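A.B. asks: This is the structure I want to talk about, given as structure tokens.
The values are calculated or read from the model by the stated rules, or taken from the named source; none is laboratory data. Keep in mind the model is a prediction, meaning the values are calculated, not measured. No Cβ is skipped: glycine too gets one built from the backbone with ideal geometry, and neighbour counts run over all protein chains shown. Calculation scope for accessible area: heavy atoms of the full protein, side chains included, ligands and nucleic acids excluded. Shrake-Rupley method; radii C 1.70, N 1.55, O 1.52, S 1.80 Å.
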Amino acid sequence: MTKTNLIDLDALIAEHGIVGAQVAVLHNGEVEDVAAGVLNNVTNEKVTATSVFQIGSITKIWTATLIQQLVNEGLLDLDRPVRDVLPTFKLADEQAAARITPRHLLTHTGGFDGDLWFDTGSGDDKVEKYVELMADAEQVVAPGELYTYCNSGFVVLGRIVEVLRGKPFHAAIKEDVIADRDFGTTATTFAEYADQTVATGHLGDDRKPAEKYLTEAAAPAGTVLAMSARDLVEFARPHVESDEFAAMREVQFALPNFGLGGDQGLGWVLQNYPGGRKGMGHTGSTLGFEASLRVLPEAGLAVAVLTNGGRSLPLVRAVQAKVLGDLVNVTPKSLPTPPLVPVPIDVEKVVGVYRSAGLEAHVSEGDGGRVRLRFVPLDEIWEALVDDDEHEYTGLRDDALIGVHEEEGYHPVLVLCGRDEQDRVKYLHWGRAAVRV
């Protein structure tokens, strides 16, 4: 039985309301793929194996790979300040800007505002201009203190690649990652989409086609790169089959405990599976697209799942459970659920307003010892990604809350980090650390 025959993708997209999807599996050197659904629910054009989907933040692994190439060649020291390569790098906090290293950026521990969507056009200087505009980016936590997801940090890494390679970021992707390998569909700029059959992202419960893309200037963080699932596992091949990038899968920093396990590597999120298996992965989200990549090097396995609208997480988990279970006898960790007896919440210490770049979280007292959370977007990007409903949370641990109801196939977890001068929770953490204001 072939790998993709293990997956009835047509049935899965029907079950989970997915617009279109691709799955590709690399196992013991061979790649097989499958596609289902439509590229756009207005035109109803079918998804094929060569259709192109945005991969979002999985691009960060491409950027980290380019950085690791520079390290392997002796051209970059991850523990020297960014200013060794970018002397004019500035943030609002001068002391932080002078301290931050490429390792901080690769591990999301730089501590500054991470969701900055500067539009600096589509020219070869777009990444350079983006980094210049970061001079006013606020510091949320001190460098190295806390993991907080940082898109803008990866744009800085992309600029480091440009300076040390002497070429635009998209050219480095083509010439230093794609060249001489079996990539048939990858688009590195929006202009290159014209040469591909590109899926449309779909937003919300009504699966409305997205009308725009994120800014091209943030390409190294994951706003542009698009490809088929087959191309994505081909990218993963050297991470599976060689030790060239083994340093990227060494533990660098402990992630906040969202109930999923794992640690932060250089770009990769590292995972431990039952039976001692080790692997790594990354996910990606843009406007209407969701992507997932899981890699188990010792098992010779990589699995990519790309979707363009709908409840993607249950489909992704179903694919991963089937492929990992049947091919390498691995069971992915279950997602956390609310405890039968909730952990008491010190409500007075939790309620308040927490702010990150582009988004505020308003926490108020709920019924029965619970709290309510409402996200308030501060820019049009977050406005497209979050609803304005109130969501109930109950106690998961002394330092964590969990959503009472499922949202998009899971119960979201919020970690409570630090305390302020009044012994109230200082940071509300959902991947980004939002500071109490």
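A.B. asks: Name every residue in region 285-339 that is closer than 28 Å to V404 by Cβ and of a type in the set (K, R), in order of residue number.
C.D. replies: Selection gives R311, R317, K333.
A.B. asks: Further, regarding this structure: Pick out the one residue from L260, L232 that is surrounded by fewer than 17 Cβ atoms within 10 Å (Cβ to Cβ), under 16 Å from the mean Cα position of the chain (by Cα) and either touching a residue at least 24 places away in the same chain (Cβ under 8 Å) or on the phi > 0 side of the Ramachandran plot (or both). Working first, answer last.
C.D. replies: Values: L232 fails: surrounded by fewer than 17 Cβ atoms within 10 Å (Cβ to Cβ).
The match here is L260.
A.B. asks: For region 337-357, give me each residue that is of a type in the set (A, V, I, L, M) and either open to solvent by 40 Å² or more (accessible area, probe 1.4 Å) or more than 14 Å from K426 (Cβ to Cβ) (or both).
C.D. replies: Step one: of region 337-357, the residues of a type in the set (A, V, I, L, M) are 340-341, 343, 345, 347, 350-351, 353, 357.
Correct list: L340, V341, V343, I345, V347, V351, V353, A357.
A.B. asks: If V386 meets every condition in (1) out of contact with any His (no Cβ under 7 Å at 6 or more places or on another chain); (2) at pLDDT 95 or above; (3) of a type in the set (V, I, T) apart from one, which number is that one?
C.D. replies: With respect to (1) out of contact with any His (no Cβ under 7 Å at 6 or more places or on another chain); (2) at pLDDT 95 or above; (3) of a type in the set (V, I, T), V386 is out only on (2).
Table: residues versus (1) in a helix (DSSP H, G or I); (2) among the β-branched types (V, I, T); (3) in contact (Cβ under 8 Å) with a residue 60 or more places away in the chain.
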{"residue": "D182", "(1), (2), (3)": "no, no, no"}
{"residue": "A191", "(1), (2), (3)": "yes, no, yes"}
{"residue": "A194", "(1), (2), (3)": "yes, no, no"}
{"residue": "R237", "(1), (2), (3)": "yes, no, yes"}
{"residue": "M248", "(1), (2), (3)": "yes, no, yes"}
{"residue": "P256", "(1), (2), (3)": "no, no, yes"}
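A.B. asks: Here are some conditions: (1) of a type in the set (D, E, K, R); (2) surrounded by fewer than 19 Cβ atoms within 10 Å (Cβ to Cβ); (3) under 19 Å from the mean Cα position of the chain (by Cα); (4) within 27 Å of A384 (Cα to Cα). E360 meets all but one. Which one does it not meet?
C.D. replies: Unmet condition: (3).
A.B. asks: Got a sec? Which of L66, L75, L91 is touching a residue at least 60 places away in the same chain (Cβ under 8 Å) and either surrounded by fewer than 17 Cβ atoms within 10 Å (Cβ to Cβ) or assigned to a loop (DSSP other than H, G, I, E, B) (or both)? Before you say what the answer is, go through the steps one by one.
C.D. replies: Numbers: L66 fails: either surrounded by fewer than 17 Cβ atoms within 10 Å (Cβ to Cβ) or assigned to a loop (DSSP other than H, G, I, E, B) (or both); L91 fails: touching a residue at least 60 places away in the same chain (Cβ under 8 Å).
Step by step, each of L66, L75, L91 is checked, and only L75 is touching a residue at least 60 places away in the same chain (Cβ under 8 Å) and either surrounded by fewer than 17 Cβ atoms within 10 Å (Cβ to Cβ) or assigned to a loop (DSSP other than H, G, I, E, B) (or both).
A.B. asks: Please state which of the following conditions Y273 fails to meet, knowing it meets all the rest: (1) modelled with pLDDT of 95 or more; (2) surrounded by fewer than 24 Cβ atoms within 10 Å (Cβ to Cβ); (3) hydroxyl-bearing (S, T, Y).
C.D. replies: (1)
A.B. asks: Taking the condition out of contact with any Leu (no Cβ under 9 Å at 6 or more places or on another chain), open to solvent by 10 Å² or more (accessible area, probe 1.4 Å), touching a residue at least 40 places away in the same chain (Cβ under 8 Å) and under 26 Å from E73 (Cα atoms), does F169 pass? Walk me through how you get there before you give the answer.
C.D. replies: On the way: out of contact with any Leu (no Cβ under 9 Å at 6 or more places or on another chain): no; open to solvent by 10 Å² or more (accessible area, probe 1.4 Å): yes; touching a residue at least 40 places away in the same chain (Cβ under 8 Å): yes; under 26 Å from E73 (Cα atoms): yes.
When the stated conditions are applied, F169 does not pass them.
A.B. asks: Among the candidates G309, G325, G279, which residue alone is out of contact with any strand residue (DSSP E or B) (no Cβ under 7 Å at 6 or more places or on another chain) and farther than 25 Å from G369 by Cβ? If you could, list the steps in order and put the result at the bottom.
C.D. replies: Values: G309 fails: out of contact with any strand residue (DSSP E or B) (no Cβ under 7 Å at 6 or more places or on another chain); G279 fails: out of contact with any strand residue (DSSP E or B) (no Cβ under 7 Å at 6 or more places or on another chain).
Unique residue meeting the criteria: G325.
A.B. asks: Please determine whether any residue of region 196-216 is touching an Asp or Glu at 6+ places or on another chain (Cβ under 7 Å) and surrounded by 15 or more Cβ atoms within 10 Å (Cβ to Cβ).
C.D. replies: Residues of region 196-216 touching an Asp or Glu at 6+ places or on another chain (Cβ under 7 Å): 215.
Add one more test, that the residue is surrounded by 15 or more Cβ atoms within 10 Å (Cβ to Cβ), and what stays is 215.
Looking for residues that are touching an Asp or Glu at 6+ places or on another chain (Cβ under 7 Å) and surrounded by 15 or more Cβ atoms within 10 Å (Cβ to Cβ), one finds at least one in region 196-216, hence yes.
A.B. asks: Are there helices (runs of 4 or more DSSP H) fully within region 309-388 with at least 1 residues that are among the hydrophobic types (A, V, I, L, M, F, W, C) and in contact with a helix residue (DSSP H, G or I) (Cβ under 8 Å, 6 or more places away or on another chain)? List them.
C.D. replies: So the answer is 312-328.
A.B. asks: In addition: Which residue is nearest to the chain's Cα centre (by Cα), if the candidates are limited to region 318-335 and must be open to solvent by 80 Å² or more (accessible area, probe 1.4 Å) and in contact (Cβ under 8 Å) with a residue 40 or more places away in the chain? Step through it out loud before you land on a result.
C.D. replies: To start, the set of residues in region 318-335 that are open to solvent by 80 Å² or more (accessible area, probe 1.4 Å) comprises 322, 326, 329, 331, 333-334.
With in contact (Cβ under 8 Å) with a residue 40 or more places away in the chain added as a condition, the list becomes 322, 326, 329, 331, 333.
Details: K322: 23, D326: 26, N329: 26, T331: 22, K333: 19 Å.
Applying the filter and picking the extreme gives K333.
A.B. asks: Six or more apart or on different chains, Cβ under 8 Å: which pairs go from a residue in region 124-149 that's under 11 Å from H104 (Cα atoms) to one that's open to solvent by 30 Å² or more (accessible area, probe 1.4 Å) and part of a helix (DSSP H, G or I)? Could you list them?
C.D. replies: The qualifying pairs are P143/R99; P143/H104; G144/H104.
A.B. asks: Looking only at residues in region 5-44 that are of a type in the set (S, T, N, Q) and more than 14 Å from A236 (Cβ to Cβ), which one is most open to solvent (accessible area, probe 1.4 Å)? Before the answer, list the steps.
C.D. replies: First pass over region 5-44, keeping only residues of a type in the set (S, T, N, Q): 5, 22, 28, 40-41, 43-44.
Adding the requirement that they be more than 14 Å from A236 (Cβ to Cβ) leaves 5, 22, 40-41, 43-44.
Values: N5: 110, Q22: 3, N40: 25, N41: 57, T43: 92, N44: 91 Å².
So the residue we want is N5.
A.B. asks: For region 124-139, how many residues meet the condition of being open to solvent by 30 Å² or more (accessible area, probe 1.4 Å) and either assigned to a loop (DSSP other than H, G, I, E, B) or in contact with a Leu (Cβ under 9 Å, 6 or more places away or on another chain) (or both)? I'd like the intermediate steps shown before the answer.
C.D. replies: In the first step, residues of region 124-139 are kept if they are open to solvent by 30 Å² or more (accessible area, probe 1.4 Å); the result is 124-125, 128-129, 132-133, 135-136, 138-139.
Next, from what is left, pick out any that are either assigned to a loop (DSSP other than H, G, I, E, B) or in contact with a Leu (Cβ under 9 Å, 6 or more places away or on another chain) (or both): 124-125, 133, 135-136, 138-139.
Number of matching residues: 7.
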